[in-house]
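Report on the structure given below.
The values are calculated or read from the model by the stated rules, or taken from the named source; none is laboratory data. Given the structure is predicted, the values throughout are model-derived calculations rather than measurements. Every residue, glycine as well, gets a Cβ built from its backbone with ideal geometry; the counts of neighbours run over all protein chains shown. Note: areas computed on protein heavy atoms with side chains; ligands, DNA, RNA excluded. Shrake-Rupley method; radii C 1.70, N 1.55, O 1.52, S 1.80 Å.
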Amino acid sequence: GYLEKDASISAGVRTEPEIYVFDLSPSEFIPAYPDESLVITRAIKYALSLSAGIKVISGEEESSIRNFIQENTNKARFTDALYYSPEATQKLNEIRKKDSMIRYVGYGKYKSTDEIISVEFNIYDRFTGKIVRNLKLSAYGRNRLAELSVRLADSIFKLIPQEGR
């Protein structure tokens, strides 16, 4: 956007869309590693943060939102993971100081073995109340976490419209 002569920003300013990514829930009742969902989710958030067109809620804002939601809803035992639930989505903007609400929410589940990571990821648009897309990706081999997170971040970047929040 451009500045007007009186130093106020014009109404046509475009901002990058914001997404909040919940921790992926394991398909198994007890996963092989207790912090596996946190590691996979952090890899996806990091790959998404490298995209210039999407703002991932992170840092102090994410930790304050996580703490607020965990205090008011049930959190996962032993891992402090925060999985998607309708109650958690309703509490997303209560801690925010900004006027705009977080429009997109990412959540899903994963299945991990020694050779493969499979992820079923949903992108939910809170304005329309619909799931934008359900993504199913798998990665094999030695660099499976890096490959999966980059491919998933690329797919998310292509699906979210770059029109603003």
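Values computed for the structure shown
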item: Hits in the stretch 37-73 - residues which are without any contact (Cβ under 8 Å) to a residue 12 or more places away in the chain and charged (D, E, K, R); result: Arg42, Glu60, Glu71
item: Qualifying residue in the stretch 79-98 (condition: open to solvent by 80 Å² or more (accessible area, probe 1.4 Å), out of contact with any helix residue (DSSP H, G or I) (no Cβ under 6 Å at 6 or more places or on another chain) and within 17 Å of Leu148 (Cβ to Cβ)); result: no
item: Residues that are without any contact (Cβ under 8 Å) to a residue 12 or more places away in the chain, among the charged types (D, E, K, R) and not in a strand (DSSP E or B), drawn from the stretch 107-140; result: Asp114
item: Identity of the residue in the stretch 124-165, closer than 13 Å to Ile40 by Cα and of a type in the set (Ser, Thr, Tyr), that ends up least open to solvent (accessible area, probe 1.4 Å); result: Ser149
item: Members of the stretch 106-122 found to be closer than 20 Å to Asp154 by Cα and of a type in the set (Ser, Thr, Tyr), listed by number; result: Tyr107, Tyr110, Ser118
